[in-house]
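Read through the structure below, which is laid out as C-alpha cells, and then see the notes.
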C-alpha cells in the first residue's frame, strides 16, 4: 500500500532507485521493490495521461489502480503532484 511517506521518499530520490538502495543498504526498507516499481510505472502512465497521449479507458484504469494502491486521498494527490514535479524538473535539467 502506498503512503504519503513512501511517495515523499520516492520524490526525495527523484525516482532514482539505486540512490535509495545504496543509502538504505543494510537498513529496513520503507518502500518495497514492487512499490518502487509501481510508483515508477505510475509516473510514466501519468505523464502520458497529462499529455493527452492515451485513451479514456487507459486513463480510467490507471486512476483506478492509483486509488486501489493508495492508503488515502492525500497519497493519491501526492502521486499526481509527484509526476508533475519529476517531469517538469527533468525538463529543466
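Read the figures in this text as sums done on the coordinates, not as results from a lab. For clarity, every value in this text was computed on a predicted model and none was experimentally measured. Methodologically, a virtual Cβ is constructed for each residue, glycine included, from the backbone with ideal geometry; neighbour enumeration extends over all protein chains shown.
Condition first: surrounded by 14 or more Cβ atoms within 10 Å (Cβ to Cβ) and under 20 Å from residue 87 (Cα atoms). Now tell me which residues in segment 51-65 satisfy that. Before the answer, list the steps.
As a first pass, look at segment 51-65 and keep what is surrounded by 14 or more Cβ atoms within 10 Å (Cβ to Cβ): 54, 59, 62-63, 65.
Listed by number, the residues that qualify are 54, 59, 62, 63.
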* Hey, can you tell me all the residues within segment 1-33 that are within 9 Å of the chain's Cα centre (by Cα) and without any contact (Cβ under 8 Å) to a residue 24 or more places away in the chain? => none
* What is the residue count in segment 34-55 for residues that are more than 15 Å from residue 79 (Cβ to Cβ), in contact with a helix residue (DSSP H, G or I) (Cβ under 8 Å, 6 or more places away or on another chain) and either assigned to a helix (DSSP H, G or I) or in contact (Cβ under 8 Å) with a residue 12 or more places away in the chain (or both)? -> 0
